[in-house]
Amino acid sequence: MARRRVDRSRAPQPAAPPPRVSLRYADSHMRYLILAAALATAACGPATEAGSIPEYACEVVHAYPHDNTAFTQGLFYLNGFLYEGTGLNNQSTIRKVKLETGEVLEKRDVPGEYFGEGIVNWKDHLIELTWQASEGFVYDLATFRPLRDFRYPGEGWGLTQDGKRIIMSDGTPQLRFWDPETLAEIGRITVTADGQPVKDLNELEWVKGEVYANVWQTDRIARIDPKTGHVVGWIECAGLLGPNDQVGGEGAVLNGIAYDAATDRLFVTGKLWPKVFQIRLVKRAAP
């Protein structure tokens with residue numbers, strides 16, 4: 001696996017646990033306030049915008065243990081196990097995890113100069129993005145043995161696949177589509193809600209013909225029509241963690257969606273969260 005140096009000036013400095021957080025996350029409190037104000041303003045907008053997109057609440061079906069030192073950047077479910085990609089320089093990993101216990105069954109450390117991001121399976125491979133290095137890695141899915149690296153323009157955030165294409169997010173309102181064999185880009189769409197671009201699209205999951213996307217630093221998941229880019233639903237996940245759940249660090253936001261298509265189970269978690277939640281969506285009444 002080739003190693004490419006990235007700008008370390010933005011990398012987190014050594015600190016005592018919980019894991020340190022880069023500047024992308026260090027200013028999360030201020031950006032969260034700005035985003036909250038923007039959402040509040042939008043909620044007071046014209047009736048043609050407010051309430052035009054269906055909203056869903058999360059009903060917890062079951063809670064499973066999760067490593068609260070894992071800075072979750074990527075997640076998917078396959079053949080009875082969770083696969084997880086974690087981030088932060090010098091701490092990034094890819095993992096195979098037993099859902100029921102949270103036990104890490106297989107793990108590979110990512111070279112320290114890389115900030116690990118989204119992961120996805122394709123056939124017998126696991127594909128991983130990195131944040132700012134514009135470089136990704138392909139591993140053997142069974143052993144996590146590195147097979148090759150590849151390049152892409154811009155930042156890497158989230159990955160999923162629809163059975164025909166790899167789908168990538170980069171923190172902008174765009175989703176990119178890749179050929180799964182060559183990893184070459186074959187198209188893009190812009191994600192919009194009520195005509196406005198939706199930025200900070202993060203971890204992705206393919207669920208029943210839609211792309212589910214965490215929106216960074218919010219408790220929302222966008223349900224996206226992959227043909228049009230339109231947000232066709234909002235999933236509100238605030239309040240999943242109870243008052244006794246210890247979450248370490250201000251970067252510990254909702255991030256991580258996995259779907260078990262065989263049994264129709266939907267899972268969510270967050271960076272440094274102590275739990276993975278199986279949830280059921282409950283449509284809210286229109287205002």
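The values are calculated or read from the model by the stated rules, or taken from the named source; none is laboratory data. Model, not experiment: these values are computed from the prediction. Cβ: placed from backbone, ideal geometry, glycine included. Neighbour counts: every protein chain shown.
Surrounded by fewer than 20 Cβ atoms within 10 Å (Cβ to Cβ) and assigned to a strand (DSSP E or B) - does that describe any residue in the range 163-172? Break it down into steps so the answer makes sense when it comes.
Within the range 163-172, the subset surrounded by fewer than 20 Cβ atoms within 10 Å (Cβ to Cβ) is 163-165, 171-172.
Next, only the ones that are assigned to a strand (DSSP E or B) stay: none.
Within the range 163-172 (the criterion being surrounded by fewer than 20 Cβ atoms within 10 Å (Cβ to Cβ) and assigned to a strand (DSSP E or B)), the answer is no, since none of the residues qualifies.
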Item to check | Scope the range 65-95; condition farther than 24 Å from V211 by Cβ and assigned to a strand (DSSP E or B); matching residues | outcome: P65, T93
Next on the checklist: Just the residues that are in a loop (DSSP other than H, G, I, E, B) and touching a residue at least 24 places away in the same chain (Cβ under 8 Å), please, taken from the range 144-158.
Outcome noted: F144, Y152, E155, G156, W157
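Looking at Y77, is it hydroxyl-bearing (S, T, Y), under 24 Å from F267 (Cβ atoms), modelled with pLDDT of 50 or more and touching an Asp or Glu at 6+ places or on another chain (Cβ under 6 Å)? Don't jump to the end; show me each part of the working.
Working: hydroxyl-bearing (S, T, Y): yes; under 24 Å from F267 (Cβ atoms): yes; modelled with pLDDT of 50 or more: yes; touching an Asp or Glu at 6+ places or on another chain (Cβ under 6 Å): yes.
Considered against the rule, which asks whether it is hydroxyl-bearing (S, T, Y), under 24 Å from F267 (Cβ atoms), modelled with pLDDT of 50 or more and touching an Asp or Glu at 6+ places or on another chain (Cβ under 6 Å), Y77 comes out as yes.
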Next on the checklist: Cβ-Cβ distance below 6 Å, separation of 6 or more or different chains: which pairs start in the range 159-176 with a residue that is within 13 Å of G136 (Cβ to Cβ) and without any contact (Cβ under 8 Å) to a residue 60 or more places away in the chain and end on one that is basic (K, R) and in a strand (DSSP E or B)?
Outcome noted: M168/R176; R176/R188
Checklist outcome for this item: Note on the range 64-108: residues on the phi > 0 side of the Ramachandran plot, touching a Phe, Trp or Tyr at 6+ places or on another chain (Cβ under 7 Å) and surrounded by fewer than 22 Cβ atoms within 10 Å (Cβ to Cβ) are G102
Checklist entry - In this structure, is T190 under 16 Å from the mean Cα position of the chain (by Cα), among the hydroxyl-bearing types (S, T, Y) and either within 20 Å of G118 (Cβ to Cβ) or surrounded by fewer than 22 Cβ atoms within 10 Å (Cβ to Cβ) (or both)? => result no
Next on the checklist: Among the residues that make up the range 112-122, is at least one of them crowded, with 20+ Cβ neighbours inside 10 Å, modelled with pLDDT of 95 or more and out of contact with any Leu (no Cβ under 9 Å at 6 or more places or on another chain)?
Outcome noted: yes
Next on the checklist: If the requirement is being of a type in the set (A, V, I, L, M), at pLDDT 95 or above and out of contact with any strand residue (DSSP E or B) (no Cβ under 8 Å at 6 or more places or on another chain), which of these qualifies: A262, A258?
Outcome noted: A262
Checklist entry - Condition test on L281, is it among the aliphatic types (A, V, I, L, M), out of contact with any strand residue (DSSP E or B) (no Cβ under 6 Å at 6 or more places or on another chain) and either within 19 Å of I119 (Cβ to Cβ) or in a strand (DSSP E or B) (or both)? => result no
Next on the checklist: If I filter the range 257-270 for residues that are in contact with an Asp or Glu (Cβ under 9 Å, 6 or more places away or on another chain), over 18 Å from N121 (Cα atoms) and not in a strand (DSSP E or B), do I get at least one hit?
Outcome noted: no
Item to check | Residue that is farthest from R284 (Cα to Cα) [pool: residues in the range 233-255 that are in a strand (DSSP E or B) and within 16 Å of the chain's Cα centre (by Cα)] | outcome: N255
Item to check | Residues of the range 199-232 satisfying the condition of being over 15 Å from the mean Cα position of the chain (by Cα), surrounded by 19 or more Cβ atoms within 10 Å (Cβ to Cβ) and in a loop (DSSP other than H, G, I, E, B) | outcome: G229
